[in-house]
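Here the structure is laid out as structure tokens; the discussion comes afterwards.
Coordinate-derived values only; no laboratory data. Predicted model only: the values in this text are computed from it and were never measured. All Cβ positions, even for glycine, are placed from backbone atoms using ideal geometry, and neighbour counts span all protein chains on display.
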Amino acid sequence: MSPVLKISGLHKSFGDLEVLKGIDLDMEKGDVVSLIGSSGSGKTTLLRCVNMLEDFEGGTIEISGKQIGYLTENGQRRRLPEREIARQRAMTGMAFQQFNLFPHMTALKNVTLGLIKTKKFSRDEAISIAETWLERVGMRERKDHYPGQLSGGQQQRVAIARAIAMNPELMLFDEVTSALDPELVKEVLAVVRDLASDGMTMLLVTHEMRFARDVSTKVVFMHHGRIHEQGPPEQIFGAPQSDRLVAFLADSD
Ligand code: ADP
């Protein structure tokens with residue numbers, strides 16, 4: 001069986017600034033991989049390349065054996081048409097720092113929209129799926145609230161339900177707790193932890209080291225656009241090999 005995610009030799013620049021300098025990363029079904037590292041090391045950019053929110057110049061990304069974003073034929077690489085990329089994007093679900101809910105739609109409508117428009121479920125089916133996921137993140141009782149009537153933590157839980165309801169092969173979490181007040185961080189991390197323990201394949205960027213240690217099957221430490229060190233959480237946090245990782249962990253306490 002193909003790995004859920006296979007990144008090979010990924011290179012990405014913004015103008016003259018090379019942000020990803022050859023990333024290789026594989027994930028199997030059920031893996032929970034946390035990307036850690038200093039600000040600017042390329043973690044978010046890596047996540048954004050996986051669902052083609054960013055184009056990239058070199059290397060390949062495959063999800064369940066399917067190459068994402070580009071086609072290579074006779075040594076020539078070409079970007080796929082936008083419609084095809086949009087279709088591929090549905091293979092991943094993404095939750096962002098800033099939730100990105102539609103403000104003029106209720107929590108329920110935020111979740112059913114993609115199910116009806118993209119997945120072509122009937123309205124009743126979509127509502128049933130959405131209610132199941134809202135229940136799972138503890139938001140079913142507030143399904144008729146608008147984002148403006150919800151706390152940041154509640155909005156983030158709706159955003160996570162919205163992404164997961166689409167049944168992606170891989171969930172991407174980009175610092176989903178950084179915009180939240182400290183007392184709201186826990187409720188969102190509890191949701192992510194619950195999904196992880198259920199076997200969902202996840203790639204996440206986080207500053208919450210204790211959380212990364214608890215929830216991950218693998219932790220990847222990035223530095224200046226490269227994977228500097230990676231391994232099981234016990235090794236990365238318990239027996240870091242490189243001085244850079246030791247220094248980073250000391251700073252993150
Ligand atoms: P991290 O998530 O590890 O903090 P990022 O992936 O956000 O790192 O950023 C990596 C580098 O790429 C940084 O130097 C950042 O300033 C730069 N960068 C990110 N996005 C853009 C962009 N859209 N345009 C130009 N530079 C960018």
* Structure fact -> Amide H neighbours of K29 at under 5 Å, excluding residues fewer than 5 places away on the same chain, with H built from the backbone geometry, are V4
* Mean Kyte-Doolittle of at least -1.0 plus a Cα span of 15 Å or more along the axis: flag which DSSP H helices in the chain meet both, please. => 107-117, 123-136, 152-165, 182-197
* Take the Cβ-Cβ distance between E62 and A179 as r, set R0 to 25 Å, and report the resulting FRET efficiency rounded to the nearest 0.05. => 0.20
* At S122 and F102, where each label point lies 7 Å from the Cα along Cα→Cβ, what is the point-to-point distance in nanometres? -> 2.2
* Asked: Nearest 20 debye, what's the magnitude of the dipole of the chain about its Cα centre given +1 on Lys and Arg Cβ and -1 on Asp and Glu Cβ?
  -> 820
* Say the dipole of the chain comes from +1 at the beta carbon of Lys and Arg and -1 at that of Asp and Glu; which of M139, S41, F211 then lies farthest toward its positive end? -> M139
* Structure fact -> Relative contact order of the chain (C-alpha contacts under 8 Å, at least 6 apart) in percent is 26
* To do: With θ set to phi - 60°, apply the Karplus curve 6.51 cos²θ - 1.76 cosθ + 1.60 along the range 13-20 and write out the HN-Hα couplings as whole Hz, x wherever there is a Gly or Pro.
  => 10, 10, x, 7, 8, 7, 9, 10
* Structure fact -> Under the 7 Å Cα-to-Cβ spin-label approximation, Y70 and D198 lie apart by a distance in nanometres of 3.5
* To do: Could you compute the FRET efficiency for D243 and D26, with r as their C-beta to C-beta distance and R0 at 45 Å, rounded to 0.05?
  => 0.95
* **Cβ-derived FRET efficiency at R0 22 Å, S38 paired with R79, nearest 0.05** => 0.10
* What shape does the chain have by the C-alpha gyration tensor, where a ≥ b ≥ c are the square roots of the eigenvalues, rounded means a/c under 1.5, and otherwise prolate means a/b greater than b/c and oblate the rest? -> oblate
* To do: Enumerate the lysines that K12 could reach by cross-link, defined here as Cα to Cα under 18 Å, with residues fewer than 8 away along the same chain left out.
  => K21, K43
* Structure fact -> The answer for H228, listing residues at least 5 apart or on another chain whose modeled amide H is closer than 5 Å to its amide H, is F221, M222, H223
* First check a/c for the range 42-110, with a ≥ b ≥ c the square roots of the eigenvalues of its C-alpha gyration tensor; if it is under 1.5, answer rounded, and if not, answer prolate when a/b is larger than b/c or oblate otherwise. => prolate
* Structure fact -> Any lysines whose Cα falls less than 17 Å from that of K29, other than same-chain ones fewer than 8 residues away, would be K6, K66, K218
